[in-house]
Structures are given as C-alpha cells and as structure tokens.
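These notes concern the structure reproduced below.
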Amino acid sequence: MRRIAIAGTALALLVAMSAHAAEKVDSRADLGVSLAIGGSETSAESVFVSMLSHTRGDARALNNLGNLRLLRGEAGVALAFYDRALRADSADAGIHLNRATSLMLLGDQKRSEEAFATGVKLAGGLDRAMTLLNLPADNAPVDRGAKKTAINPEQLKSMLKRAAATVPKDQIKVVDSEVTTNPASKTSSTWRSAGARASDGTEAPMLLYWKR
C-alpha cells in the first residue's frame with residue numbers, strides 16, 4: 001500500500017510539473033507574438049526557437065517562425081515552416097491561410113488558391129478567415145498615408161473571396177463562436193488574431209495569423 005501511495009504522489013507531482021511547464025510555454029508564445037507585432041523580430045525569434053527546444057514540433061513556434069521569415073521576404077523558407085506546423089496541427093485554418101499567403105507571394109497561384117480554399121473551409125467561412133488575418137471589412141476607411149508592405153490586404157481579400165466561392169457551403173466547417181470572438185476562452189488561444197482589426201493600411205505583421 002505504501003508503494004502505491006508513493007507512486008500516486010509521484011504521479012500527481014509529475015502532472016503538476018507538466019502543467020507548469022505547459023503554462024510556461026504558453027506564456028512564451030504570447031510574449032513572442034507581442035515582440036513580433038511590436039517590431040522586435042530578433043527577440044521574438046529567440047523566444048520561438050526556445051519553445052522548439054522544449055517541444056520540437058510545436059505548431060505555434062513553427063507557424064510564428066514562418067511569419068518572421070515571410071516578413072523578411074523569405075517566402076520559400078516561410079513555406080517550409082508552415083508545412084512543418086501543419087504536420088503538427090493540420091486543422092488550424094490560420095496556418096493554412098499563412099501558407100496560402102506565402103504561396104501567393106511566391107507566384108504559385110494554383111497552390112495558393114487551394115490553400116486559401118482549405119483555410120476558408122476550416123475557418124468556417126469567409127468572414128472568419130478574414131478575421132484570422134485581421135483583414136478590414138470592405139467598407140472600412142482607408143489610411144492613404146500608411147506604410148505599404150509586400151502583403152497587400154486587397155489582394156488577400158480578393159484571393160479569399162475567390163477561394164470562398166469555390167467551397168461548397170456543405171463543406172464549411174462550423175466553428176464555435178467563442179473560437180474567434182472570446183479571447184478569454186482557452187480554446188480560442190490557437191485561433192484568435194494577434195491584435196485589433198486592421199485598416200487597409202495595416203503593416204504586414206498584422207496581416208498574418210499568429211498562433212498563441
């Protein structure tokens with residue numbers, strides 16, 4: 001009986017330690033995204049790399065490292081990161097949308113359209129896909145003096161709308177509204193976009209999906 005009690009105590013301790021470690025990695029993910037959005041890309045990269053040292057196939061770290069590469073103009077390297085991230089979490093619509101964006105920038109229209117269609121389907125429709133990428137509504141005001149970037153929001157919207165038109169409505173995955181609207185929901189942590197809804201002049205980091 002004593003051995004059973006000791007084993008039970010050890011198991012409880014192990015579970016507690018695992019939960020603490022997971023919480024620590026979660027906080028690193030949030031920190032890395034905040035740094036990236038704030039323009040501290042080198043520091044953000046260090047955070048995401050450290051996450052991989054704990055969990056080699058962490059989809060959050062892989063997706064976010066892909067984003068950093070894409071922001072540096074390395075679309076081919078970004079694509080490789082997104083592919084690895086999808087091997088860890090193939091159901092994440094945001095990663096598919098980032099992958100589609102990288103293919104779009106590489107000029108691979110066919111595969112880009114296919115990836116956008118997959119992202120729209122998994123997101124639960126066009127509106128949710130646009131939310132994941134912080135894209136503005138069609139009637140949103142345009143900031144004419146905003147900094148121009150390689151990722152064009154109008155081009156992204158056009159690709160998403162074209163993709164949405166190819167996805168049969170019965171194939172659209174129904175997603176709980178909390179997934180994209182309730183930041184306090186634990187489930188939403190892997191879906192919510194990095195910041196407030198963008199305007200047409202939003203810089204490139206805000207037009208990507210950051211996985212927390």
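Being of a type in the set (Ser, Thr, Tyr), farther than 27 Å from residue 152 by Cβ and touching a Gly at 6+ places or on another chain (Cβ under 9 Å) is the requirement here; does residue 43 meet it? Yes. Cβ separations smaller than 7 Å between residues 6+ apart or across chains give the following pairs from the stretch 96-110 residues that are at negative phi to residues that are among the basic types (Lys, Arg): 103/111. Set side by side, the residues 187, 149, 131 differ, and just one is at pLDDT below 65 and either within 17 Å of the chain's Cα centre (by Cα) or among the small types (Gly, Ala, Ser) (or both), which is 187. Looking at the stretch 1-72, the helices (runs of 4 or more DSSP H) lying wholly inside it that each contain 1 or more residues that are buried (at least 20 other Cβ atoms within 10 Å of the Cβ), β-branched (Val, Ile, Thr) and modelled with pLDDT of 85 or more sit at 2-37, 41-54. Scoring residue 55 on the criteria (1) within 13 Å of residue 28 (Cα to Cα); (2) free of Cβ contacts under 8 Å to residues at least 24 places away in the same chain; (3) touching a helix residue (DSSP H, G or I) at 6+ places or on another chain (Cβ under 8 Å) leaves a single failure, condition (2). Selection of the stretch 26-58 for residues being more than 14 Å from residue 85 (Cβ to Cβ) and among the basic types (Lys, Arg) yields only 28.
The values are calculated or read from the model by the stated rules, or taken from the named source; none is laboratory data. All of these numbers come straight from a predicted model, not from anything done at the bench. Positions of Cβ are backbone-derived with ideal geometry, glycine not excepted, and every protein chain shown enters the neighbour counts.
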